[in-house]
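Asker: There's a structure below that I have some questions on.
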Amino acid sequence: MVSVINTVDTSHEDMIHDAQMDYYGTRLATCSSDRSVKIFDVRNGGQILIADLRGHEGPVWQVAWAHPMYGNILASCSYDRKVIIWKEENGTWEKTYEYTGHDSSVNSVCWAPQDYGLILACGSSDGAISLLSYTGDGPWEVKKISNAHTIGCNAVSWAPAVLPGSLIDQPSSQKPNYIKRFASGGCDNLIKIWKEEDGQWKEEQKLEAHSDWVRDVAWAPSIGLPTSTIASCSQDGRVFIWMCDDASGNSWSPKLLHKFNDVVWHVSWSITANILAVSGGDNKVTLWKESVDGQWACISDVNKGQGAVSAITEGQQNEQ
């Protein structure tokens, strides 16, 4: 059974597009069509507004917290074509960097695993993906993948900095040679996997199963099991779980989690990667878990608009 533990009245003046907890689960960042980003202290069930950040000139689609080892840093992206990186210094949040290198709406921002440094992937409706990195001194560096997705990129998600199979393989004394990878989803109905080779980003895989725009992709966290997993959702109402069992990352196979009656906007993994949250145009959040026989079952659904929560029985699930 899933229960609603806290409701935050954000006082946003328009639709909220994203809400993200920080690493410690003590702060909540929200963003809205009212062009603002807000940060709340939500410890002990409270909701104290810490910051109301103004700098965007259009709806703000997504926010992302950097790992706290780099300080208190939040990225936001907007219809205004900008990415803004905000930083807290001495209790005050300020804009620390503004990226204006896209020609259209920036729809998604995602920080790389902290092992790679401070790197932000940004996906835009202009079809390009930008990678912004900061080494601690000097300006932010920019790399751009032009024409990553024709018509536009809607989502980006990094692979964990864990080598597939490393939990089972005997550990060696030398530091593992991580290959940076991330997944993207676009208006070309494709999911693409990108990897870094000699400082350049190359398309490694093209995953085809959706019949309409891919709205979100989420690479699952890993503890080093041999399998890599990605969830994707689409305008076509379908959610797929993609799995890859070979270490080279060459063969991915899709499994249909569920076909919903409406667009599916977002997919998000639990930290242990055994539960997937799915939110869609039906105004519901559903939670899904893989059973021992490899089948995915809905373990609950939460009506987003209300605080009502109900468990779904097998019969109801088949009707949906």
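The values are calculated or read from the model by the stated rules, or taken from the named source; none is laboratory data. Computed from a predicted structure; not experimentally measured. Heads up, the Cβs are rebuilt from the backbone with ideal geometry, glycines too, and the neighbour counts pull from every protein chain shown. Only protein heavy atoms, including side chains, enter the accessible area calculation; ligands, DNA and RNA are left aside. Shrake-Rupley method; radii C 1.70, N 1.55, O 1.52, S 1.80 Å.
Asker: Scan the range 197-211 and tell me whether some residue there is open to solvent by less than 60 Å² (accessible area, probe 1.4 Å), in a strand (DSSP E or B) and within 15 Å of Leu276 (Cα to Cα).
Answerer: Within the range 197-211, the first condition is being open to solvent by less than 60 Å² (accessible area, probe 1.4 Å), and the residues that meet it are 199, 201, 204-205, 207, 209-210.
Those left that are additionally in a strand (DSSP E or B): 201, 204-205, 207.
Subset that is within 15 Å of Leu276 (Cα to Cα): none.
Among the residues of the range 197-211, not one is open to solvent by less than 60 Å² (accessible area, probe 1.4 Å), in a strand (DSSP E or B) and within 15 Å of Leu276 (Cα to Cα), which makes the answer no.
Asker: Kindly evaluate Ile48 against the criterion of being of a type in the set (Val, Ile, Thr) and free of Cβ contacts under 8 Å to residues at least 12 places away in the same chain.
Answerer: Details: of a type in the set (Val, Ile, Thr): yes; free of Cβ contacts under 8 Å to residues at least 12 places away in the same chain: yes.
Against the criterion (of a type in the set (Val, Ile, Thr) and free of Cβ contacts under 8 Å to residues at least 12 places away in the same chain), Ile48 qualifies.
Asker: Can you name the residue in the range 89-103 that is touching a residue at least 24 places away in the same chain (Cβ under 8 Å) and surrounded by 14 or more Cβ atoms within 10 Å (Cβ to Cβ) and, of all such residues, is farthest from the chain's Cα centre (by Cα)?
Answerer: Here the answer is Trp93.
Asker: Within the range 242-270, track down each residue that is farther than 12 Å from Thr227 by Cα and in contact with a Phe, Trp or Tyr (Cβ under 9 Å, 6 or more places away or on another chain).
Answerer: Pro254, Lys255, Leu256, Leu257, His258, Val263, Trp269
Asker: Here is a further query. Take the range 117-157 and flag every residue that is among the small types (Gly, Ala, Ser), open to solvent by 10 Å² or more (accessible area, probe 1.4 Å) and closer than 28 Å to Pro68 by Cβ. Spell out how you get there, then give the answer.
Answerer: As a first pass, look at the range 117-157 and keep what is among the small types (Gly, Ala, Ser): 117, 121, 123-125, 127-128, 130, 133, 136, 138, 146, 148, 152, 155, 157.
Subsequent filtering for residues that are open to solvent by 10 Å² or more (accessible area, probe 1.4 Å) retains 117, 125, 133, 136, 138, 146, 157.
Answer for the range 117-157, where residues must be among the small types (Gly, Ala, Ser), open to solvent by 10 Å² or more (accessible area, probe 1.4 Å) and closer than 28 Å to Pro68 by Cβ: Gly117, Ser133, Gly136, Gly138, Ser157.
Asker: Step by step: first the residues of the range 18-32, then only those that are among the small types (Gly, Ala, Ser) and modelled with pLDDT of 95 or more, then the one that is farthest from Tyr70 (Cα to Cα). Which residue is that? Even if it seems obvious, please write down each step before you answer.
Answerer: Step one: of the range 18-32, the residues among the small types (Gly, Ala, Ser) are 19, 25, 29, 32.
The next check asks that each one be modelled with pLDDT of 95 or more; those that pass are 29, 32.
Numbers: Ala29: 17, Ser32: 26 Å.
The residue in question is Ser32.
Asker: Let me ask something additional. List the residue pairs whose Cβ atoms are under 6 Å apart, where the first residue sits in the range 293-308 and is outside any strand (DSSP E or B), the second is at pLDDT 70 or above and not hydroxyl-bearing (Ser, Thr, Tyr), and the two are 6 or more positions apart or on different chains.
Answerer: Every condition considered, the pairs that remain are Lys304/Asn283; Lys304/Val285; Gly305/Asn283; Gly307/Val4.
Asker: Let me ask you something else. Considering only residues of the range 212-255 that are over 18 Å from the mean Cα position of the chain (by Cα) and hydrophobic (A, V, I, L, M, F, W, C), which is most open to solvent (accessible area, probe 1.4 Å)? Can you show your working first?
Answerer: Going residue by residue through the range 212-255, those that are over 18 Å from the mean Cα position of the chain (by Cα) are 212, 223-227, 236-237, 244-255.
Filter once more, so that each one left must be hydrophobic (A, V, I, L, M, F, W, C): 223, 225, 244, 247, 252.
Working: Ile223: 121, Leu225: 86, Cys244: 2, Ala247: 82, Trp252: 38 Å².
Restricting to residues being over 18 Å from the mean Cα position of the chain (by Cα) and hydrophobic (A, V, I, L, M, F, W, C), the top hit is Ile223.
Asker: Please determine, by comparing only the residues of the range 28-79 that are among the aliphatic types (A, V, I, L, M) and in a loop (DSSP other than H, G, I, E, B), which one is farthest from Tyr97 (Cα to Cα). Before the answer, list the steps.
Answerer: Just the residues of the range 28-79 that are among the aliphatic types (A, V, I, L, M), to begin with: 28-29, 37, 39, 42, 48-51, 53, 60, 63-64, 66, 69, 73-75.
Those left that are additionally in a loop (DSSP other than H, G, I, E, B): 42, 66.
Details: Val42: 26, Ala66: 14 Å.
Only one residue tops the list, namely Val42.
Asker: Taking Glu94 as meeting all but one of (1) among the acidic types (Asp, Glu); (2) at pLDDT 95 or above; (3) in contact with a Gly (Cβ under 9 Å, 6 or more places away or on another chain), write down the number of the exception.
Answerer: The number of the failed condition is (3).
Asker: Pull up the range 176-194, narrow it to residues that are open to solvent by 30 Å² or more (accessible area, probe 1.4 Å) and in contact (Cβ under 8 Å) with a residue 40 or more places away in the chain, then point me to the one that is farthest from Val267 (Cα to Cα).
Answerer: Let us first name the residues in the range 176-194 that are open to solvent by 30 Å² or more (accessible area, probe 1.4 Å), namely 176-181, 188-189.
Then keep just the ones that are in contact (Cβ under 8 Å) with a residue 40 or more places away in the chain; that gives 178, 180-181, 189.
Numbers: Tyr178: 26, Lys180: 22, Arg181: 19, Asn189: 16 Å.
The qualifying residue farthest from Val267 (Cα to Cα) is Tyr178.
Asker: Would you point out the residue of the range 212-228, among those that are assigned to a strand (DSSP E or B) and modelled with pLDDT of 95 or more, that is nearest to Ser166 (Cα to Cα)?
Answerer: Of the range 212-228, the ones assigned to a strand (DSSP E or B) are 214-219, 228.
With the extra rule that they be modelled with pLDDT of 95 or more, the set shrinks to 214-219.
Numbers: Val214: 31, Arg215: 31, Asp216: 28, Val217: 24, Ala218: 21, Trp219: 17 Å.
Among those that are assigned to a strand (DSSP E or B) and modelled with pLDDT of 95 or more, it is Trp219.
Asker: Still on this model: Taking into account only those residues within the range 264-278 that are among the polar types (S, T, N, Q) and at pLDDT below 95, which is surrounded by the fewest Cβ atoms within 10 Å (Cβ to Cβ)?
Answerer: Kept after step one, since they are among the polar types (S, T, N, Q), are these residues of the range 264-278: 268, 270, 272, 274.
Now narrow it down to the ones that are at pLDDT below 95: 270, 272, 274.
Numbers: Ser270: 13, Thr272: 9, Asn274: 12.
Top of the filtered list is Thr272.
Asker: Scan the range 51-61 and tell me whether some residue there is of a type in the set (A, V, I, L, M), surrounded by fewer than 17 Cβ atoms within 10 Å (Cβ to Cβ) and touching a residue at least 40 places away in the same chain (Cβ under 8 Å). I'd like the intermediate steps shown before the answer.
Answerer: Let us first name the residues in the range 51-61 that are of a type in the set (A, V, I, L, M), namely 51, 53, 60.
Keeping just the survivors that are surrounded by fewer than 17 Cβ atoms within 10 Å (Cβ to Cβ) gives none.
Scanning the range 51-61, I find no residue that is of a type in the set (A, V, I, L, M), surrounded by fewer than 17 Cβ atoms within 10 Å (Cβ to Cβ) and touching a residue at least 40 places away in the same chain (Cβ under 8 Å), so the answer is no.
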